[in-house]
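Written out below as structure tokens is the structure these notes cover.
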Amino acid sequence: MSIFFAPRRIAGKIRNQARLLLKASSTLKAKNVLWQRRLLHDRTSRFLAQSDQWKPETMVAWQLCQLNGLLQYALKNCPGHMRKLTAAGFDGKLERLEDLGMLPFFTKNELRAQGDEFTATNFPSNSLRAITSGGTTGTPTRFMVEAKTYDALFDAWRHTMWRRAGYIPGKRCLDITWAFTDGRPLINSDKKNHVYLSIHDLDYGTLSTWWQRVKAFQPEFIIGFPSTATALAKLLPALGALTEVRALLLASETLTADQRAIIAAAFPHARIFQWYGMSEMAGFASNCEYSDAFHHWPQSGIIEVIDDDGRPIQTAGQSGEIVLTGFINQVTPFIRYRTGDRATLGDYCAKCGRMHKLLTNIEGRVGDFLLGERGRVVPISALNFHGDEFRHVFAHQFIQDEPGRVLLRIVPRLGFNNGDHSAINQLVSGILGSDITFRIEQVEMIPRTPRGKQPLIIQRCSQNS
Ligand SMILES: [Zn+2]
């Protein structure tokens, strides 16, 4: 997969960057998979670093070239986009970035209902990997990516964003975004200096016996969700401070003011750094070196914020839905993709001087959770299943009436069978942990709230019950 589309009539500097990237992707035919991934990661990182300070007019020219490349590619290779773009009267080229607003939106419902039509036909099926993304609701979306490049590209983007908080690959990271089921709270990953602390074990009872190991590791960065970083921060007064931590790298949930205050009190010398990126790789945004506002990365695509009538918002201070057009994922092109996340448009950042679009806040997931029997918290972000277990499920919802017991309601799709039931049972029981028993109930529909939402979690007991 080439990372970006080959430009035609653009400045030499940009053309050379594109050549480097195409060269990186062509070398993926070589045998050494790890080496290929490293190469793709490093070349992507290098391009992002080099283009970070491009002048606005250079970036606009590059984006327009990428956008037209994406649209022509989708017209040729994706039947779903071909149908939509043709119906909208698109003739193969946009003259200005602003003209993107004339093209139709791409919705999650379209992706759910006709996902195959939006998968590019020029990739062999055995080179693809299915990704399922849950988001704030229990209606998952499923889309395809290229198996051999996805992780390297995602890592390159994450690492480049984190660099603004001082991160360099190889720095000691404590990762609190995964739940492990084999009973060990601490897991060494295959990445250098990257240790996982299972979110099953963010309680004093378990951690007190393992804390010396965590302290001895001397993490410099903590990778987490706002909810798991808060849970860890609450334990630190009893466990002992982690004085080497330079930054907490947080994503996937909205960070509340209360959470920020708790984390800041436990890590008084660390930066609380937030980044935004979907598994669709339709776009990325992050804080900068100096500001807590989200800077959209223009190399990842084009961002729009639209009002309730679908019109792009131009005025700072107004809020709306984030719509992304992505330059990265060519297996499933995302063109004017309605993310369902809301944000407030900001002005440009005077602190770093980048003329990148700014979002002063992003309202994604709020900190819903499930509770274990002893009060342990399972954050909503841990329930965002990326595998294929839910492929025959139209919608699902967790319901909790008492700590330690959870009901999972699912609306099956055509083709759902006992194998799907077992796979979901195994996956979810592992993520929930041993102090939560749960059962699956098949239902015909999941009722909507008066506001029309289908929340992923219906929580009827409080954290202190
Ligand atoms: Zn800035």
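Tell me, which residue of the range 190-221 that is within 16 Å of VAL378 (Cα to Cα) and of a type in the set (Asp, Glu) is surrounded by the most Cβ atoms within 10 Å (Cβ to Cβ)? If we take residues in the range 190-221 being within 16 Å of VAL378 (Cα to Cα) and of a type in the set (Asp, Glu), then ASP201 is surrounded by the most Cβ atoms within 10 Å (Cβ to Cβ). Filtering the range 250-272 to residues that are within 16 Å of the ligand (Cβ to nearest atom) and touching a helix residue (DSSP H, G or I) at 6+ places or on another chain (Cβ under 7 Å) leaves only ILE272.
Screening the candidates LEU324, LEU359 for the property of being at pLDDT 95 or above, part of a strand (DSSP E or B), closer than 27 Å to LEU111 by Cα and within 16 Å of the ligand (Cβ to nearest atom) yields one hit, LEU359. Can you tell me how many residues within the range 176-232 are within 15 Å of VAL245 (Cβ to Cβ), among the aromatic types (Phe, Trp, Tyr) and touching a Gly at 6+ places or on another chain (Cβ under 9 Å)? Residues in the range 176-232 being within 15 Å of VAL245 (Cβ to Cβ), among the aromatic types (Phe, Trp, Tyr) and touching a Gly at 6+ places or on another chain (Cβ under 9 Å): 2 in total. Within the range 179-189, the set of residues being in contact (Cβ under 8 Å) with a residue 60 or more places away in the chain and either surrounded by 16 or more Cβ atoms within 10 Å (Cβ to Cβ) or in contact with a strand residue (DSSP E or B) (Cβ under 9 Å, 6 or more places away or on another chain) (or both) comprises ALA179 only.
On the stretch given as the range 329-356, residues that are in contact (Cβ under 8 Å) with a residue 60 or more places away in the chain, aromatic (Phe, Trp, Tyr) and in a loop (DSSP other than H, G, I, E, B) total 1.
If I filter the range 328-341 for residues that are closer than 30 Å to LEU407 by Cβ, in the same structural domain as CYS288 (by TED's automatic domain parsing) and modelled with pLDDT under 85, do I get at least one hit? Within the range 328-341, one or more residues are closer than 30 Å to LEU407 by Cβ, in the same structural domain as CYS288 (by TED's automatic domain parsing) and modelled with pLDDT under 85. When we screen ASP388, ASP307 for residues that are modelled with pLDDT under 95 and in contact with a Gly (Cβ under 6 Å, 6 or more places away or on another chain), the only hit is ASP307. Can ALA282 be described as away from the ligand (no atom under 16 Å from the Cβ) and either buried (at least 23 other Cβ atoms within 10 Å of the Cβ) or assigned to a strand (DSSP E or B) (or both)? Yes, satisfied. Look at TYR276 and say whether it is among the aromatic types (Phe, Trp, Tyr), within 16 Å of the ligand (Cβ to nearest atom) and farther than 30 Å from ALA147 by Cβ. Spelling it out, it is not the case that TYR276 is among the aromatic types (Phe, Trp, Tyr), within 16 Å of the ligand (Cβ to nearest atom) and farther than 30 Å from ALA147 by Cβ. Of the listed requirements (1) in the same structural domain as LEU75 (by TED's automatic domain parsing); (2) within 16 Å of the ligand (Cβ to nearest atom); (3) of a type in the set (Gly, Ala, Ser), ALA247 misses just one: (1). Number of residues in the range 285-321 that are in a loop (DSSP other than H, G, I, E, B), among the charged types (D, E, K, R) and closer than 22 Å to TRP157 by Cβ: the value is 2. Go through THR86, THR27 for me and flag whichever is modelled with pLDDT of 95 or more and out of contact with any strand residue (DSSP E or B) (no Cβ under 8 Å at 6 or more places or on another chain). THR86 is the lone residue from the list that is modelled with pLDDT of 95 or more and out of contact with any strand residue (DSSP E or B) (no Cβ under 8 Å at 6 or more places or on another chain). From the list ASP401, ASP368, the lone residue that is touching a residue at least 60 places away in the same chain (Cβ under 8 Å) and surrounded by fewer than 16 Cβ atoms within 10 Å (Cβ to Cβ) is ASP401. Among the residues of the range 155-172, those that are touching a strand residue (DSSP E or B) at 6+ places or on another chain (Cβ under 9 Å) and part of a helix (DSSP H, G or I) comprise TRP157, ARG158, THR160, MET161, TRP162.
The values are calculated or read from the model by the stated rules, or taken from the named source; none is laboratory data. All of these numbers come straight from a predicted model, not from anything done at the bench. In this analysis, Cβ positions are derived from the backbone assuming ideal geometry, glycine residues included, and neighbour counts consider all displayed protein chains.
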